[in-house]
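The values are calculated or read from the model by the stated rules, or taken from the named source; none is laboratory data. None of these values were measured; they are calculated from a predicted model. Virtual Cβ from ideal backbone geometry, glycine too; neighbours counted across all protein chains shown.
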Amino acid sequence: MFPDNQLKETQLAILERLNALNESVDILVGKKRYEWSVPIAQTIMRFMVATKRSVCACCQQNPIVSGSGIKLPLARLDHFYGPSSRAITNTWMVCSPCNVKLRHDQFRVSKEYRFKCFQADMHEWMETNMVSTNDDPRQPNLFGKAA
Ligand SMILES: [Zn+2]
């Protein structure tokens, strides 16, 4: 027989695990999206500013970062390969119109080379500058809800 407080702790641990499992299932079936942690969002912004990238990485036209390094209202972080992974290797910064169009397979496939160029440049910059995201998924999302 377990003492009451040990039983209660076990019940709470089981409930916590069930909630985490439910959240994972919601993400997998598309009911919920992973949001980016502050370190991922900050790393991408640092990369954009350090490499003087001010326009959308997808259309290469719409401004998304100001000359003084401020994220503009059109800027969005996009899960290129879908919302089940919010890893930095699945993320780039694009404009809001591209973020919407990237939900369509044909458009996404046509822009995959730009996504891969963005990733290659960002990871080379991270390696050169010894930047690590130290990603902690419990951190709040800097960019608010993803579109
Ligand atoms: Zn764009």
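Summary table below
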| read-out | value |
| --- | --- |
| Close pairs (6 angstrom Cβ cut-off, 6 or more residues apart or separate chains): more than 15 Å from Ser85 (Cβ to Cβ) in the stretch 12-28, modelled with pLDDT under 80 anywhere | none |
| The stretch 48-75, residues that are within 14 Å of Phe118 (Cβ to Cβ), near the ligand (Cβ under 9 Å from one of its atoms) and either in contact with a strand residue (DSSP E or B) (Cβ under 6 Å, 6 or more places away or on another chain) or of a type in the set (D, E, K, R) (or both) | Val55, Cys56, Ala57, Cys58, Ile64 |
| Tally, over the stretch 69-89, of residues that are more than 14 Å from Phe47 (Cα to Cα) and surrounded by fewer than 19 Cβ atoms within 10 Å (Cβ to Cβ) | 9 |
| All positions within the stretch 61-105 that are closer than 28 Å to Met130 by Cβ, at pLDDT 95 or above and over 18 Å from the mean Cα position of the chain (by Cα) | none |
| Residues located in the stretch 70-111, provided they are aromatic (Phe, Trp, Tyr) and touching an Asp or Glu at 6+ places or on another chain (Cβ under 7 Å) | Trp92 |
